[in-house]
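Undergrad: Quick one: this structure, given as structure tokens, is what I'll be asking you about.
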Amino acid sequence: MNTKNNMMCDLETGVCGPAGGEAEGTMEFIDLSAPDKTVDLYYVTDPICSHCWALEPVLRKFVDQYGQYFNMHTLMGGLLESWDGFADVSNGISSPGDVAGHWREVGDHSRMPIDGTLWHDNPVESSFIPSRVYKVIQKTSQAHADTFLRRAREELFAFNHNIAKDDMLIDLVNRVGLNGKEILKQSKLPEANTSLQEDFKLVRELGVSGFPTIVMINEEKKGVRIVGARTFEDYTSALEKLIPTKTVLPEKLSTLENLMIKEKTLFSREIEEYFSIEQPAVETFVSEQLTSVKYDTNEVLGEKYFTIK
């Protein structure tokens, strides 16, 4: 996949990539059995996509409330192959340092903290490197792969660590509960690159060139392509249109305690979105909800975040 001009992240479009009524009566019959998953959802992303990081609060809530209606497939899109010969003069990007300003804008706009100063002194040389690690893990466990991707984004965006470095990748994989050295070794074999290229091929077939993009396709092979980081309502509305014969009902959301046990770290913006509360209420909400687990409250780039001890 040609990725040489995919580094621009646009605030207006929310894309990393190339510029460019109730029923009458008092009785209602309901069906609480698990619905058939008649929709395939393809989430096209990349470990260093800033708008993908910005989308995380909305995407988590959407998947947790409506995931019973679709099979989710996460695809790596290939945002940056390398800096060799890279130039995007029209967007003001000719070197890694030029990315930092764009990242900070996305962070300020979304309130998912993004430092970005590593682009000046320790730039990510290629997003293909962590993407190949993701593909190796994904072959045996989608859940572990998703956890790895989340941890990698935390370290990259909020804590300013280079996730294309071997030592960082080994540590991240170890934290997921796998053998970091072995997974890294496998990620450097031809098979890992073949797996990544298969993702790129499917991404092209889906007509996707910018990230994040979510493509939903129903049994009739009709679908919708949503480009950029959009609102929760955008995704739910699209899903409802693809299942017109059913009443699409949300699942009950997890408690904060269970969510924290799963995620380990959550930023204020994520808690606000998930539980539909305002920013000033977050700390009180957390203290009221997390009565049986120990947690720390910290701050990065002016944004509160919470971690399970």
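Undergrad: Could you rank the peptides 168-175, 42-49 by their average count of other C-beta atoms within 10 Å per residue, with the highest value first?
TA: Result, highest mean first: 42-49, 168-175.
Undergrad: Same structure, new question: Using only the Cα atoms of the range 152-309, what are the Rg and Dmax in Å?
TA: Gyration radius and largest Cα-Cα distance of the range 152-309: 19.6, 51 Å.
Undergrad: What value does the chain have for Rg/Rh, both radii from Cα atoms and Rh as Kirkwood defines it? Numbers along the way, then the final one.
TA: Details: Rg = 19.8 Å, Rh = 20.4 Å.
With Rg and the Kirkwood Rh in hand, the quotient comes to 0.97.
Undergrad: Something else now. Can you compute the FRET efficiency between D171 and K139 using 1/(1 + (r/R0)^6), with r the Cβ-Cβ distance and R0 = 35 Å? Round to the nearest 0.05. Please list the in-between numbers first.
TA: Values: r = 21 Å, r/R0 = 0.60.
For D171 and K139, the calculated efficiency is 0.95.
Undergrad: Could you work out the helix-only [θ] at 222 nm for the chain, with each DSSP H run of four or more residues adding -39,500 (n - 2.57) and the total divided by the number of residues, to the nearest 500 deg cm²/dmol? Before the final figure, lay out each step's value.
TA: Working: 12 runs with 126 residues, N = 309.
Result for the chain, helices only: -12000 deg cm²/dmol.
Undergrad: Could you quote the convex hull projected area for the range 143-182, Cα atoms only and averaged over all directions, in nm²?
TA: Convex hull of Cα atoms, orientation-averaged projection: 2.5 nm².
Undergrad: Give the total of Lys-Lys pairs in the range 75-227 with Cα-Cα distances below 15 Å; include a pair only if its members are 8 or more places apart or on different chains.
TA: Number of lysine pairs found: 8.
Undergrad: Oh, and also: By average Cβ neighbour count within 10 Å, what is the ranking of 226-237, 296-307 from highest down?
TA: Those peptides, ordered most packed to least, come out 226-237, 296-307.
Undergrad: So for the range 209-307, taking the charge dipole from beta-carbon charges (+1 Lys/Arg, -1 Asp/Glu), which of V248, F275, F285 sits furthest toward the positive end?
TA: V248
Undergrad: Mind giving me the FRET efficiency for K262 and I226? R0 is 25 Å, r the Cβ-Cβ distance, nearest 0.05 is fine.
TA: 0.50
Undergrad: Whole angstrom only: what separates the Cα centroid of the range 178-207 from the Cα centroid of the range 253-295?
TA: The distance from the Cα centre of the range 178-207 to that of the range 253-295 comes to 34 Å.
Undergrad: Then there's this: May I ask for the equivalent-ellipsoid semi-axes of the range 53-155, computed as the square root of five times each C-alpha gyration tensor eigenvalue and listed largest first in whole Å?
TA: Those come to 27, 18, 12 Å.
Undergrad: Also, I was wondering about something else. What part of the accessible area of the range 156-255, given as a whole %, is carbon or sulfur when the probe is 1.4 angstrom?
TA: 52
Undergrad: The range 137-169 to the range 209-234: how many Å between their Cα centroids?
TA: Going from one Cα centre to the other spans 24 Å.
Undergrad: Counting residues in the range 101-158 as N, plug N into 2.2 N^0.38 Å and put the Cα Rg over that result.
TA: Against the compact-globule rule of thumb, the ratio is 1.28.
The values are calculated or read from the model by the stated rules, or taken from the named source; none is laboratory data. Small disclaimer: the values here were computed from a predicted structure and weren't measured. Backbone-built Cβ (ideal geometry, glycine too); neighbour counts: all protein chains shown. Remember, those area values only see protein heavy atoms, side chains included, never the ligands or the DNA or RNA. Shrake-Rupley method; radii C 1.70, N 1.55, O 1.52, S 1.80 Å.
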